[in-house]
Each structure stands twice: as C-alpha cells, then as structure tokens.
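For reference, the structure is listed below as structure tokens.
The values are calculated or read from the model by the stated rules, or taken from the named source; none is laboratory data. These numbers come from a predicted model, not from an experiment. Note: ideal-geometry Cβ built from the backbone for every residue, glycine included; neighbour counts use all protein chains shown.
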Amino acid sequence: MYEFNYRKVASVAAATEAMQQAEDGKFMAGGQTMLPTMKHRLASPSDLIDLGGVAELTGISVENENLIVGAMTTHAAVAASAEVQQAIPALARLAGNIGDPAVRNRGTLGGSIANHDPAADYPAAVIALGATVQTSKRAISAEEFFTGMFETALEDDEIVTSVSFPLPEAAAYMKFENPASRYAIVGVFVAKTGGEVRVGVTGATACAHRGLRLEAALGGELDAGGIDAVELPVEQMNSDIHASAEYRAHLVKVMTKRAVEACQ
Amino acid sequence: MSTVSMTVNGEAVCGKVESRTLLVQFLRENLGLTGTHVGCDTSQCGACVIHVNGKSVKSCTMLAIQADGADVTTIEGLANEAGLHPMQQAFMDNHGLQCGFCTPGMVMSALDIVNRSGHELDESTVRKELEGNICRCTGYHNIVKAVQAGAKAMGGS
Ligand SMILES: Cc1cc2nc3c(=O)[nH]c(=O)nc-3n(C[C@H](O)[C@H](O)[C@H](O)COP(=O)(O)OP(=O)(O)OC[C@H]3O[C@@H](n4cnc5c(N)ncnc54)[C@H](O)[C@@H]3O)c2cc1C
Ligand code: FES
Ligand code: FES
C-alpha cells in the first residue's frame with residue numbers, strides 16, 4: 001500500500017470539502033473493499049477521507065412507509081435491527097449473510113452500493129425494492145444509480161448519505177454464494193410493492209439490474225409457474241472460474257423461483 | 001507520521017505510525033504482540049481477528065490510525081495468572097488445533113460468537129459464524145467442538 005494523507009472528518013460538509021481539496025482523494029467507509037484494493041495497489045489515492053466519524057450518516061428509521069438506512073450503517077447493525085426485521089425482514093437476512101461476522105462489523109450499506117461490485121448483495125435489494133439513494137447532492141433512483149461494473153452515477157465528490165426503501169408487501173432474497181468469499185455467484189431479490197412485482201438480479205452480469213423478462217413472466221403475481229420458460233441472454237452473463245454463463249443463466253431462474261416461493 | 005493511542009489488553013499504549021500502517025502491523029511490530037497473525041492479503045482468512053470496542057474485526061483490514069482511542073483485545077489479553085481462558089483451554093482439550101496458525105483468530109471469533117449468541121451453541125451456528133476463519137489443518141471438526149465446549153465452560157464460570 002502506498003502512503004496517503006489520512007483525513008478524519010466529522011460531517012458530510014467537511015468530507016466534501018476535504019475531497020475537493022485533495023489531488024486524488026477517495027472516501028473510506030469501513031475499508032472492507034478500499035483497504036484490500038489499496039494493498040494490491042489497484043487504488044492509490046493521495047488522500048483517504050474517513051467517513052467513520054460522521055454521525056449523521058448512521059441510523060435506521062421508518063418514516064412515511066419507507067425504511068431509511070444511513071450510508072454508514074454496518075451490515076451487522078442492519079442484520080440485528082429490530083426495525084429492519086419488522087419492516088423488511090428479507091433485507092435484514094440479506095445483510096446477515098454478507099461475508100462473515102468481522103466483515104459485517106465494518107462493511108457498510110453506502111460502501112457496498114458505491115463500490116458496486118457486480119457480485120455484491122445490496123444492489124439487488126436496492127433495485128427490487130425500488131429504493132432511492134440519497135446523496136450529498138441529490139436523490140437518485142435505484143435504476144439510475146448502478147451504471148456498470150464498479151460504476152455508479154456518483155460524482156467524485158458526491159457522498160451517499162442514506163438509502164430509502166419503500167416498504168414492500170412481500171420480499172425475499174436468494175443467493176447462490178461462492179463458498180469461499182460468500183459473494184453472490186447469482187443473487188435474486190424479489191419484492192412485491194404497491195401491487196407490482198420487481199426482480200433485482202446481482203452476480204449474473206456486469207451490472208446489477210432489473211430482471212425485466214422475469215418480471216414479465218411473473219406478471220405482477222407471486223407465482224413462479226412461468227419462470228422456466230423465460231429465455232435469458234446467455235451472452236450477457238458473466239463467465240469465470242466460479243460459473244459459466246450458461247450456468248449463471250440457469251441459476252438466475254432457480255434463484256428467482258426460490259425467492260418467489262419464499263415470498264409466499 | 002502521526003501518533004496514535006489506544007488501550008490494548010487493558011493497557012494504555014501509544015506509538016508513531018504512517019497513515020498506511022495496518023492495525024495488525026502496529027500490534028505485531030510496534031507492540032510486539034505477535035499472537036495476531038496475517039494469513040492472506042485478501043481479508044478472507046481471519047487469522048488476524050481481534051476485538052475493537054468489543055466487536056470482532058480483521059486487523060489486517062483496518063488502519064492503526066482508525067483505532068485511535070479504541071479499546072482493543074488480542075489473543076494475548078485472554079489468559080491470566082490463573083491459567084488459560086476457558087475458550088483457549090477448550091481448544092487444547094478438544095484438539096482444536098494442529099499447526100496453530102489460525103488459532104488466535106479462531107479463538108477471538110469464537111468469543112465474538114459467545115458474546116452474540118450465548119453459551120449453548122449448536123453445530124450449524126458455529127460453522128456458519130466461523131465462515132470468515134480459514135484453517136488449513138484440522139478440517140474444522142474439532143474446532144467446532146472446541147467452540148461449543150468453550151462457550152459452555154464460559155457459561156459455567
Ligand atoms: C472477505 C469478504 C467477504 C465479503 N463478502 C461479501 C458478500 O458476500 N456480499 C457482499 O455484498 N459484499 C461482500 N463483501 C464486501 C462488503 O460487503 C463491504 O461492505 C463492501 O465491500 C463495502 O465496504 P465498506 O462499506 O467498508 O466500504 P469501503 O471499502 O470503505 O469503500 C468502498 C468504496 O465505496 C466508496 N464509498 C464508501 N462509502 C461511501 C459513501 N457513503 N459515499 C460515496 N462513496 C462511498 C469508497 O470511496 C470506495 O470506493 C465482502 C468483503 C470481504 C472483505
Ligand atoms: S490476514 Fe487474512 S483476513 Fe486478515
Ligand atoms: S491449525 Fe493449522 S491452520 Fe488451523
């Protein structure tokens with residue numbers, strides 16, 4: 001890891017200012033991706049701006065039929081939260097199955113979605129639940145937020161402050177996990193909200209996305225009968241040592257069926 | 001260089017570190033606490049697990065400077081004059097280690113499980129909760145037994 005300037009800040013405003021002053025700055029949440037990336041010299045920021053002391057970025061609340069989770073809320077805190085367990089139990093379970101306990105004690109919601117690893121869990125939930133990402137500058141809809149592999153709509157000095165999840169009538173997440181890292185080889189989040197059934201898919205392609213063909217087959221109902229007949233574009237699937245494109249396409253359908261069944 | 005100060009195993013310590021100094025490096029190289037191990041560079045093996053403010057963390061994936069002001073417990077903080085900590089004793093009694101490289105991280109993770117899930121742990125809970133700790137020797141069987149026995153012993157003491 002190359003040396004950098006460590007900047008500890010106490011507010012979103014101070015973090016933004018530190019970023020604007022830095023030559024090539026990066027924000028750090030729990031460091032669970034940032035630090036391994038820097039160790040491998042895949043990133044070598046001039047300044048690391050630690051959001052760990054920004055109290056306004058943590059917290060969980062339910063307001064106007066929305067569950068609002070602060071960006072710096074850890075996976076462990078989401079998993080253990082009675083409020084999340086009651087409002088969106090599938091989200092608490094998702095958080096409780098990210099990585100391992102030590103990673104969950106440091107890793108955060110904001111860091112996970114800002115990083116947008118194509119195998120991360122949260123993006124599937126953000127998309128299927130039709131969540132809104134609140135940043136230091138604006139509100140961004142889930143579908144506009146994730147733009148490509150490790151790419152999001154965030155500008156360099158823009159900070160995710162919270163994510164607002166509309167409360168669903170039913171929701172479930174199923175992941176086929178890599179047995180070593182626990183990342184999703186394929187993960188599918190199904191949610192019924194306001195009479196509409198949405199499907200969020202992660203791990204399968206370069207970018208977390210809405211499974212529109214799967215949604216069409218469901219037709220607004222939590223009935224997986226039509227899923228087997230869906231044709232998915234195999235050429236768009238990731239293919240690596242963990243799973244071939246054909247296998248991933250198959251897994252997307254299996255995970256969708258299981259998630260739909262778990263919603264019932 | 002900046003100065004950091006923290007409490008490690010009940011003692012106030014301080015030292016000079018670079019921004020990039022990892023917490024595990026600070027423990028091992030500045031403080032000579034070499035019980036905390038480094039087994040990977042991908043944050044996956046768990047050999048470096050310690051407790052920071054009562055919670056398990058991978059000390060290879062935290063900067064020393066982030067632990068400024070924190071309360072840190074490492075494997076060296078467990079035994080006392082009376083002998084080994086019940087969890088350490090359980091690893092010994094159940095043959096929960098072979099080479100011992102993963103053991104400090106296993107023991108610290110085990111204590112974190114007890115903190116959250118109590119003294120009666122079933123096998124599947126222990127296996128799931130130890131997902132972040134890799135052992136190349138034992139095949140995990142005796143580690144799981146040791147954690148269950150240690151948890152129980154801690155409840156009785
Ligand atoms: C061993 C291991 C296993 C894992 N397994 C899984 C898994 O099964 N599923 C899964 O989904 N994830 C997994 N992860 C990743 C984990 O979920 C982390 O939470 C995630 O990588 C983000 O880490 P972080 O919150 O510490 O953010 P950091 O690593 O600190 O930051 C990540 C990126 O996000 C940016 N960033 C952080 N916060 C903000 C913000 N508020 N606003 C704008 N930008 C921000 C940073 O600049 C950086 O580019 C795993 C990680 C490890 C080490
Ligand atoms: S040394 Fe492997 S997880 Fe820390
Ligand atoms: S005892 Fe050798 S690595 Fe676990």
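Observations, loosely collected:
- Once segment B:91-114 is narrowed to residues that are away from chain A (no Cβ under 14 Å) and surrounded by 24 or more Cβ atoms within 10 Å (Cβ to Cβ), the residue that is nearest to B:M62 (Cα to Cα) is B:T103.
- Flag if B:V4 is more than 17 Å from A:N105 (Cα to Cα), within 13 Å of chain A (Cβ to nearest Cβ) and part of a loop (DSSP other than H, G, I, E, B): no
- Of all residues making up segment A:119-141, the number that are under 14 Å from A:G200 (Cα atoms) and either surrounded by 24 or more Cβ atoms within 10 Å (Cβ to Cβ) or within 10 Å of ligand 1 (Cβ to nearest atom) (or both): 12
- For the condition more than 22 Å from A:F150 (Cβ to Cβ) and either of a type in the set (A, V, I, L, M, F, W, C) or in contact with an Asp or Glu (Cβ under 9 Å, 6 or more places away or on another chain) (or both), A:A71 does not qualify.
- Segment B:35-56: number of residues that are more than 12 Å from the chain's Cα centre (by Cα) and more than 10 Å from ligand 2 (Cβ to nearest atom): 1
- Of all residues making up segment B:109-132, the number that are within 16 Å of ligand 1 (Cβ to nearest atom) and either within 19 Å of B:H95 (Cβ to Cβ) or touching a residue at least 12 places away in the same chain (Cβ under 8 Å) (or both): 5
- Here the condition is being at pLDDT 95 or above, assigned to a loop (DSSP other than H, G, I, E, B) and within 16 Å of ligand 1 (Cβ to nearest atom); of B:C135, B:C99, B:C60, it holds for B:C135 alone.
- For B:V49, the test of being surrounded by 24 or more Cβ atoms within 10 Å (Cβ to Cβ) and away from ligand 3 (no atom under 16 Å from the Cβ) is failed.
- Residue check, A:R93 closer than 30 Å to B:M108 by Cβ, buried (at least 24 other Cβ atoms within 10 Å of the Cβ), in contact (Cβ under 8 Å) with a residue 60 or more places away in the chain and within 14 Å of chain B (Cβ to nearest Cβ): no
- Residue within segment A:212-233 that is over 17 Å from A:Y247 (Cα atoms), under 19 Å from the mean Cα position of the chain (by Cα) and not in a loop (DSSP other than H, G, I, E, B) present: yes
- Among the criteria (1) more than 11 Å from chain B (Cβ to nearest Cβ); (2) over 20 Å from A:S164 (Cα atoms), the one A:M28 does not fulfil is (1).
- Picking from residues in segment A:43-78 that are hydroxyl-bearing (S, T, Y) and free of Cβ contacts under 8 Å to residues at least 24 places away in the same chain, the one that is farthest from the other protein chains (Cβ to nearest Cβ) is A:S61.
- Within segment B:118-147, the set of residues being away from chain A (no Cβ under 12 Å) and basic (K, R) comprises B:R136, B:K145.
- Residue match in segment B:10-18 (condition: part of a loop (DSSP other than H, G, I, E, B) and either of a type in the set (A, V, I, L, M, F, W, C) or within 16 Å of ligand 1 (Cβ to nearest atom) (or both)): no
- The set of residues from segment B:60-78 being among the hydroxyl-bearing types (S, T, Y) and more than 9 Å from every other protein chain (Cβ to nearest Cβ) comprises B:T73, B:T74.
- Elements of type strands (runs of 3 or more DSSP E) in segment A:45-96, at least 2 residues being under 30 Å from A:Y6 (Cβ atoms): A:47-50, A:66-70
- Residue in segment A:5-15 that is within 16 Å of ligand 2 (Cβ to nearest atom), out of contact with any Pro (no Cβ under 8 Å at 6 or more places or on another chain), within 11 Å of chain B (Cβ to nearest Cβ) and among the polar types (S, T, N, Q) present: no
- Considering each residue of segment B:79-86 in turn, at least one proves to be assigned to a helix (DSSP H, G or I) and either more than 10 Å from chain A (Cβ to nearest Cβ) or under 18 Å from A:G107 (Cβ atoms) (or both).
- Remark: pairs (first residue in segment A:101-113, within 13 Å of chain B (Cβ to nearest Cβ) and under 21 Å from A:H209 (Cβ atoms); second residue within 6 Å of ligand 1 (Cβ to nearest atom) and in a helix (DSSP H, G or I); Cβ separation under 8 Å; 6+ apart in sequence or on different chains) = A:G111/A:M34.
- Of the set (1) within 16 Å of ligand 1 (Cβ to nearest atom); (2) under 13 Å from B:V147 (Cβ atoms), all apply to B:A67 but (2).
- Scope segment B:36-57; condition part of a loop (DSSP other than H, G, I, E, B) and not hydroxyl-bearing (S, T, Y); matching residues: B:H37, B:V38, B:G39, B:C40, B:D41, B:Q44, B:C45, B:G46, B:A47, B:C48, B:N53, B:G54
- Within segment A:149-167, considering residues that are away from ligand 1 (no atom under 14 Å from the Cβ) and out of contact with any helix residue (DSSP H, G or I) (no Cβ under 8 Å at 6 or more places or on another chain), the one nearest to the other protein chains (Cβ to nearest Cβ): A:S164
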